[in-house]
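Below: one structure, written as structure tokens.
The values are calculated or read from the model by the stated rules, or taken from the named source; none is laboratory data. Keep in mind that what you see is a predicted model, and the values were worked out from it rather than measured. Here the Cβ is made from the backbone with ideal geometry for all residues, glycine too, and neighbour counts use every protein chain on show.
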Amino acid sequence: MKRETIAPGVALTAIPADSFKSCRISLNFIVKGDRRTATAQALLPMVMERGWLECPDMQVLSRQLARLYGANLTVCGGTLGPNRTVTVSISGIRDEYAVGGENLLAEYLRLVFGVAFRPDVKDGAFSRDAVRVEKEKLKQLQKSEINDKRIYCLRQARRKFYGTDVAGLEKYGYPEDVGSITPEGLYATWLDMVTTAQLEVMALGVDGGTVRDRLLQELAGIRRQPVALNMPHAMPVGQTRFYEEPVDATQGKLCMLFTQRQTMTPEKLPAMRLAIALLGGTPTSRLFMNVREKKSLCYYCSASFSVIASCLSIDSGINTADAEKTRLAILSEMENLTNQPVSARELDGAVRYLTNALESVSDSLSGLEGWYLSEISRGTLKSPEQVLKELKAVTPQQVTQAMESFSLSVVYLLKGNGTDDCEEEML
């Protein structure tokens, strides 16, 4: 793996990935998060994916990709802590496996750079029909979160946790802002992205030099002025806030969000990874074995940790009547992990579980890309092998210390009103 800065605010990471017959190229635009532009930034990738200036027709673009042995071109948006991302990517078979000896890499670069840097824009505006259609789709995405009660509960808790902080910007933007987005305004959003974003380019299974030269050609015509991104930060510690919301569902959902007193530092991350695995990140974790299996208080109970936000999230599916018992049982497990020694056997089991996860990173190009993009965002840029070596050096004392800094911030309960019919799942 090799990462190099090739222009102000532009870096290229080349990963050989020689074991794959396919390749992947992605352009990851990271823009400063802002409530005023969040909805337009959520809509932008949806419109961009419909085509580009030389090929604005979706059906024609699909046929072009089919002729490239079924290459896959995608544009997607997301959040990265207090910032937002737009990723344009293409994947397909490598040149050496083309039956007719075609220069597939040249075609991949033409398409991925075309979609990113030459969208279907005329007279300073995106296609009005395209914007209209995608605005309706965005509205449906915003409404559909209620259909998955687990995700809905997590998002509701997250909204209370972050409040108006920039780290809590909605992935799909805000319903009240969709109607005011115009084709001209969306073009302005794209122009702001290509000129001010930090750009992380990933080249997997292709010649990095070719990608670099082609990218520099594209950037030569753009007057870029990259801006500094929002810095990750932990939410302040305060009194625990409790929220309840009734839902038309059989199960209740309980989500608990904890904040740290300070942002996560790289040297403490290995111990935190193991602590979360022991608490609720594996099928043999304490939350699963004790709260679910032994006490039969929930259908599932898992924990995850956001490094960028320094936020611990624990969520479970419950009978609403058991909400308080489940909450107290979860807090008890956290207290035990903080105050009682972790056995060598338990720690070894967590290391072995994480070893399997780390070894599977290289099973796919998307896995490799996701891993190194996450590492870049944390400023660590370590390989899975390096991280595994660090995990094996973590002591039980470091694991317990990792859990000492959490403070319960938000408890969000979705109160199911149905009759429980899943009792066997808890037994």
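Is it the case, given these coordinates, that GLN217 is out of contact with any Cys (no Cβ under 9 Å at 6 or more places or on another chain), assigned to a helix (DSSP H, G or I) and surrounded by fewer than 20 Cβ atoms within 10 Å (Cβ to Cβ)?
Taking the combined requirement at face value, the residue satisfies it.
Checking GLN41 against (1) at pLDDT 95 or above; (2) buried (at least 18 other Cβ atoms within 10 Å of the Cβ); (3) not basic (Lys, Arg); (4) not in a helix (DSSP H, G or I), only one condition comes out false. Which one?
The single condition GLN41 does not satisfy is (4).
What tally of residues in the stretch 83-118 results from selecting those that are under 25 Å from PRO45 (Cβ atoms) and at pLDDT below 95?
Result for the stretch 83-118: 0.
Please list, ordered by first then second residue, the pairs with beta carbon atoms under 7 Å, 6 or more apart or interchain, first in the stretch 32-59 and under 21 Å from THR196 (Cα atoms), second assigned to a loop (DSSP other than H, G, I, E, B) and aromatic (Phe, Trp, Tyr).
Filtered contacts from the stretch 32-59: ALA38/TYR174; THR39/TYR174; ALA42/TYR172.
Looking only at the stretch 343-353, decide whether some residue is aromatic (Phe, Trp, Tyr) and farther than 19 Å from THR400 by Cβ.
No.
So is ALA228 among the small types (Gly, Ala, Ser), in a loop (DSSP other than H, G, I, E, B) and touching a strand residue (DSSP E or B) at 6+ places or on another chain (Cβ under 9 Å) or not? Spell out the reasoning first.
Numbers: among the small types (Gly, Ala, Ser): yes; in a loop (DSSP other than H, G, I, E, B): yes; touching a strand residue (DSSP E or B) at 6+ places or on another chain (Cβ under 9 Å): yes.
It is true that ALA228 is among the small types (Gly, Ala, Ser), in a loop (DSSP other than H, G, I, E, B) and touching a strand residue (DSSP E or B) at 6+ places or on another chain (Cβ under 9 Å).
Quick check, is LYS268 of a type in the set (Lys, Arg) and assigned to a helix (DSSP H, G or I)?
Details: of a type in the set (Lys, Arg): yes; assigned to a helix (DSSP H, G or I): yes.
Yes; evaluated as a whole, the condition is true for this residue.
One line per residue, one yes/no per condition, for (1) hydrophobic (A, V, I, L, M, F, W, C); (2) modelled with pLDDT of 95 or more; (3) closer than 24 Å to THR79 by Cα; (4) surrounded by fewer than 16 Cβ atoms within 10 Å (Cβ to Cβ):
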site: LEU297; (1), (2), (3), (4): yes, yes, no, no
site: VAL307; (1), (2), (3), (4): yes, no, yes, no
site: SER310; (1), (2), (3), (4): no, no, yes, no
site: SER313; (1), (2), (3), (4): no, yes, yes, no
site: SER332; (1), (2), (3), (4): no, yes, no, yes
site: LEU354; (1), (2), (3), (4): yes, yes, no, no
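Pairs, please: C-beta under 8 Å, at least 6 apart or cross-chain, first residue outside any helix (DSSP H, G or I) and in the stretch 342-359, second surrounded by 14 or more Cβ atoms within 10 Å (Cβ to Cβ)?
VAL342/LEU278; VAL342/PRO396; VAL342/VAL399; VAL342/THR400; SER343/PRO396
Of everything in the stretch 151-176 that's in a helix (DSSP H, G or I) and over 26 Å from GLU136 (Cβ atoms), which residue is farthest from the chain's Cα centre (by Cα)?
Per the stated criteria, the residue is LYS160.
Just checking, does the stretch 77-92 include any residue being under 30 Å from GLY33 (Cα atoms) and not in a strand (DSSP E or B)?
Looking for residues that are under 30 Å from GLY33 (Cα atoms) and not in a strand (DSSP E or B), one finds at least one in the stretch 77-92, hence yes.
Between GLU293, GLU267, which is surrounded by fewer than 22 Cβ atoms within 10 Å (Cβ to Cβ), within 18 Å of SER405 (Cα to Cα) and without any contact (Cβ under 8 Å) to a residue 24 or more places away in the chain? Break it down into steps so the answer makes sense when it comes.
Details: GLU293 fails: within 18 Å of SER405 (Cα to Cα).
Every option except GLU267 fails the conditions.
Out of everything in the stretch 44-71 that is within 12 Å of VAL86 (Cβ to Cβ) and of a type outside the set (D, E, K, R), what residue ends up being surrounded by the fewest Cβ atoms within 10 Å (Cβ to Cβ)?
Per the criteria, the residue is MET46.
Sort out which residues of the stretch 51-76 are part of a helix (DSSP H, G or I) and among the aliphatic types (A, V, I, L, M), and write them in order of number. So that I can check it myself, show each step before the final result.
Let us first name the residues in the stretch 51-76 that are part of a helix (DSSP H, G or I), namely 58-67.
Correct list: MET58, VAL60, LEU61, LEU65, ALA66.
Is it fair to say GLY281 is in contact with a Phe, Trp or Tyr (Cβ under 9 Å, 6 or more places away or on another chain), at pLDDT below 95 and either surrounded by fewer than 24 Cβ atoms within 10 Å (Cβ to Cβ) or not assigned by TED's automatic domain parsing to the domain that holds GLU390 (or both)?
Working: in contact with a Phe, Trp or Tyr (Cβ under 9 Å, 6 or more places away or on another chain): yes; at pLDDT below 95: yes; either surrounded by fewer than 24 Cβ atoms within 10 Å (Cβ to Cβ) or not assigned by TED's automatic domain parsing to the domain that holds GLU390 (or both): yes.
Here the answer is yes, as GLY281 does meet what is asked.
Just to check your reading of the model, which residue among LEU347, LEU354, LEU373, LEU368 is outside the structural domain of GLU200 (by TED's automatic domain parsing) and either touching a Lys or Arg at 6+ places or on another chain (Cβ under 7 Å) or among the acidic types (Asp, Glu) (or both)?
Details: LEU347 fails: either touching a Lys or Arg at 6+ places or on another chain (Cβ under 7 Å) or among the acidic types (Asp, Glu) (or both); LEU373 fails: either touching a Lys or Arg at 6+ places or on another chain (Cβ under 7 Å) or among the acidic types (Asp, Glu) (or both); LEU368 fails: either touching a Lys or Arg at 6+ places or on another chain (Cβ under 7 Å) or among the acidic types (Asp, Glu) (or both).
Answer to the selection: LEU354.
Checking THR338 against (1) of a type outside the set (D, E, K, R); (2) under 21 Å from SER405 (Cβ atoms); (3) part of a helix (DSSP H, G or I); (4) at pLDDT 95 or above, which single condition isn't satisfied?
(4)
Do any residues in the stretch 317-330 that are assigned by TED's automatic domain parsing to the domain that holds LEU287 have Cβ atoms under 7 Å from those of residues that are crowded, with 22+ Cβ neighbours inside 10 Å and part of a helix (DSSP H, G or I), where the two are at least six apart or on different chains, and which pairs are they?
Hits for this filter: ILE318/THR326; THR326/VAL291; ALA329/VAL291; ILE330/LEU287; ILE330/VAL291.
Can you tell me which condition ARG24 does not meet? The list is (1) surrounded by fewer than 16 Cβ atoms within 10 Å (Cβ to Cβ); (2) touching a helix residue (DSSP H, G or I) at 6+ places or on another chain (Cβ under 9 Å); (3) not small (Gly, Ala, Ser), and all the others hold.
(1)
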